[in-house]
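Asker: Please read through the structure below; I'll follow up with questions.
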Amino acid sequence: MENEDKNITLKVEGLKKYFPVRRGFFQRIGGWIKAVDGVDFEIEQGKTLGLVGESGCGKSTIARTILKLLEPDHGKIIYQGKDISNLPEKDVKPLRKEMQIIFQDPFGSLNPRMTVGQSIEEGLRTLDISRGDRKERVGELLRMVGISNNNADRYPHEFSGGQRQRIGVARALGVEPSLIICDEPVSALDVSIQAQIINLLKGLQDRLGLSYLFISHDLNVVGYLSDKVAVMYLGHIMEFASAGDLFENPLHPYTLALLSAVPAVEPVGKMEIKPLAGEVPSPQDPPPGCKFQGRCPLVEARCREEEIDFYAANKDHIVRCWKVAGR
Ligand SMILES: Nc1ncnc2c1ncn2[C@@H]1O[C@H](COP(=O)(O)OP(=O)(O)OP(=O)(O)O)[C@@H](O)[C@H]1O
Ligand SMILES: [Mg+2]
């Protein structure tokens, strides 16, 4: 057992989530939206897995399935060694304290009519602690995210976007989770503020041993915080590697295209690839073969016909591409 010495917080195996195609709310018109189509990964305790890909590739669906807000159609979700894929509702509740989510828009998790102190305190109600202790804990949580305790009586609209995201982090930390899913947590913020929030998350991880699933469409942002990175396209992971390896030796044409949109990264190796044009195709009934075939500058006949499994470029670097596998 190669994983015996590693402490794995979360393991996802063969995860699939398909949504039926509907017209309006009720009428099913046949076909499936293959939002997540067979995804595997694991996150070690205290580490960050970055999940990157364009809009609609299935990132949030993975997050919602892990958090038990959606039922998986296939596959397993194993949290700290326990299979939670098909837990009854009563066992899901305690799990909600262990896993928290931070969204792009912290307004979503903060009630506009409550002071931020009240919002954070509300999150603590599930814990068995007295009102006085809760108040003290709110102050402590605000300090942890760099917001003065005097601000506990202010309302969410009185804060800047970056401060609101800090408050969202404080609220998530309240229940002492071990896994935090960060779904585009900095995408709505200015670049300078993005760096502050990422540094805050990194500091908290080092201090508290948190595991993160860090979701973003921006490879640059993912690179700062992640130990490993999974690049997703239309419900598939196309490339998986340590963050260092992915930036130094990216292999999949899709990863290269994402990187070419990152200003700080030089064109890589011989395969210079232009940024992607157009939108991601719909994951509704995707064609056979490689999911990236329709936009890939290196596409050949085999890519349109045969689906490819992972090719291992090295022990920790796997990629789904006929061209790379055949090199
Ligand atoms: N409840 C649902 N019913 C039907 N289709 C859905 C549902 N939720 C998501 N989808 C579809 O599944 C696909 C993946 O959506 P998802 O929200 O996971 O993408 P994402 O990678 O998080 O995108 P973004 O970067 O825009 O947040 C999309 O095509 C989306 O329209
Ligand atoms: Mg999303």
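Asker: Give the residues of the range 289-309 that are in contact (Cβ under 8 Å) with a residue 24 or more places away in the chain, surrounded by 17 or more Cβ atoms within 10 Å (Cβ to Cβ) and of a type in the set (A, V, I, L, M, F, W, C), sorted by residue number.
Answerer: Residues satisfying the conditions are Cys290, Phe292, Cys296.
Asker: Please determine whether any residue of the range 129-145 is more than 30 Å from Lys93 (Cα to Cα) and surrounded by fewer than 18 Cβ atoms within 10 Å (Cβ to Cβ).
Answerer: There is no residue in the range 129-145 that is more than 30 Å from Lys93 (Cα to Cα) and surrounded by fewer than 18 Cβ atoms within 10 Å (Cβ to Cβ).
Table: residues versus (1) at pLDDT below 90; (2) in a helix (DSSP H, G or I).
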| site | (1), (2) |
| --- | --- |
| Val265 | yes, no |
| Lys270 | yes, no |
| Lys274 | yes, no |
| Ser282 | yes, no |
| Cys290 | no, no |
| Val299 | no, no |
| Arg304 | no, yes |
| Ile318 | no, no |
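Asker: What are the pairs with Cβ atoms under 9 angstrom where one residue, in the range 47-62, is closer than 14 Å to Tyr212 by Cα and without any contact (Cβ under 8 Å) to a residue 24 or more places away in the chain and the other, located anywhere, is more than 7 Å from ligand 1 (Cβ to nearest atom) and assigned to a loop (DSSP other than H, G, I, E, B)? Sequence gap at least six, or different chains.
Answerer: none
Asker: Output the residues belonging to the range 159-183 that are within 16 Å of ligand 1 (Cβ to nearest atom) and open to solvent by less than 10 Å² (accessible area, probe 1.4 Å).
Answerer: Within the range 159-183, Ile181, Cys182 qualify.
Asker: Would you please name the residue that is farthest from ligand 2 (Cβ to nearest atom), looking only at residues in the range 72-95 that are without any contact (Cβ under 8 Å) to a residue 24 or more places away in the chain and open to solvent by 80 Å² or more (accessible area, probe 1.4 Å)?
Answerer: Residue satisfying both the conditions and the ranking: Lys90.
Asker: Here is a follow-up. Scan the range 119-127 and give yes if some residue there is modelled with pLDDT of 95 or more, outside any loop (DSSP other than H, G, I, E, B), surrounded by 16 or more Cβ atoms within 10 Å (Cβ to Cβ) and not aliphatic (A, V, I, L, M), otherwise no.
Answerer: There is no residue in the range 119-127 that is modelled with pLDDT of 95 or more, outside any loop (DSSP other than H, G, I, E, B), surrounded by 16 or more Cβ atoms within 10 Å (Cβ to Cβ) and not aliphatic (A, V, I, L, M).
Asker: So which residues in the range 1-53 are open to solvent by less than 20 Å² (accessible area, probe 1.4 Å), of a type in the set (Val, Ile, Thr) and within 16 Å of ligand 2 (Cβ to nearest atom), if there are any at all?
Answerer: Val36, Val39, Val52
Asker: Now, a different point. Pull out all pairs, ordered by first then second residue, where Cβ-Cβ is under 8 Å, the residues are six or more apart or on different chains, the first lies in the range 208-228 and is touching a residue at least 40 places away in the same chain (Cβ under 8 Å) and within 21 Å of Met144 (Cβ to Cβ), and the second is open to solvent by 10 Å² or more (accessible area, probe 1.4 Å) and part of a strand (DSSP E or B).
Answerer: Ser211/Glu44
Asker: Here's a follow-up. Does Phe103 satisfy the condition of being open to solvent by less than 80 Å² (accessible area, probe 1.4 Å) and within 16 Å of ligand 2 (Cβ to nearest atom)?
Answerer: Spelling it out, it is not the case that Phe103 is open to solvent by less than 80 Å² (accessible area, probe 1.4 Å) and within 16 Å of ligand 2 (Cβ to nearest atom).
The values are calculated or read from the model by the stated rules, or taken from the named source; none is laboratory data. Keep in mind the model is a prediction, meaning the values are calculated, not measured. Here Cβ is always computed from backbone atoms with ideal geometry, including for glycine, and neighbour counts include all displayed protein chains. The accessibility values were calculated without ligands, DNA or RNA, using every heavy atom of the protein model including side chains. Shrake-Rupley method; radii C 1.70, N 1.55, O 1.52, S 1.80 Å.
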